[in-house]
1. Confirm whether residue 102 is crowded, with 18+ Cβ neighbours inside 10 Å and under 22 Å from residue 203 (Cα atoms).
2. Taking residue 168, is it in contact (Cβ under 8 Å) with a residue 12 or more places away in the chain and closer than 14 Å to residue 15 by Cα?
3. Hey, among 163, 193, which residue is part of a helix (DSSP H, G or I), basic (Lys, Arg) and under 17 Å from the mean Cα position of the chain (by Cα)?
4. Can residue 54 be described as surrounded by 13 or more Cβ atoms within 10 Å (Cβ to Cβ), touching a Pro at 6+ places or on another chain (Cβ under 7 Å) and within 27 Å of residue 141 (Cβ to Cβ)?
5. Please go through (1) crowded, with 22+ Cβ neighbours inside 10 Å; (2) hydrophobic (A, V, I, L, M, F, W, C); (3) touching an Asp or Glu at 6+ places or on another chain (Cβ under 7 Å) for residue 70 and return the number of the only condition it doesn't satisfy.
6. Go through 13, 76, 100 for me and flag whichever is under 17 Å from residue 137 (Cα atoms) and modelled with pLDDT of 95 or more.
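The values are calculated or read from the model by the stated rules, or taken from the named source; none is laboratory data. Bear in mind the structure is a predicted one, so any value in this text is a computation, not a measurement. With ideal geometry, Cβ positions are generated from the backbone for all residues, glycine too; neighbour counts draw on all protein chains shown.
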Amino acid sequence: MMKNKFISFEGVDGVGKTTQINLFLEKLQSLNLNYHLYREPGGTKLSESIREILLDNNNHISNLTESLLFLTARSDLVNKKIKPKVLENDSFIICDRFFDSTLAYQSYGREINKEFIQLITDQILQNIIPSTTFLLDCDINISINRLSSKDRMENSGLEFLKKVKEGFLELALLDKNRYVIIDANKSISDIEKSIWTHFKKRYIK
């Protein structure tokens, strides 16, 4: 089966993911490579509305409700935007977070049953899975210090983020062919170079 052009970026809050995505997109543009950028939660009218609910510090949401909202937002994004583009396979699909974030944050972090999350996730994705997931990994204290104004998810605390980090690393071990772990303790420039090197090996002949 032909490798799709679907790439996701993952990591705990404050790891520098958004900065690296922007730099990566500049590289794609310099090579005239077409792409579509999406973020989670978000990317559709419904999903963006759910995003506002999830990140609002004034909302007090149970862990299960939070998980279901993330899954609902993803279902809408996959069906309306990502799946059609992946099947066309004529441009890169770049996603700022995808299903791994729900497993890491809600299953490992919030301790929602992993099998429950995975069952619904499988129904949503229908085998629409990134061919590469860049996991930016750094010391938790560094990521917390990088955060300025914190949303509801980012206010969950140090111990929560430690569990999320461990979750991401465990997921990476379970899917070594898809995951590329990037040392995000390094400088912005070094991280950018590392991501681009791996990208070229995988996608540019």
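1. Here the answer is no, as residue 102 does not meet what is asked.
2. Answer is yes for this residue.
3. Exactly one residue qualifies, and that residue is 163.
4. yes
5. (3)
6. Testing whether each residue is under 17 Å from residue 137 (Cα atoms) and modelled with pLDDT of 95 or more leaves just 100.
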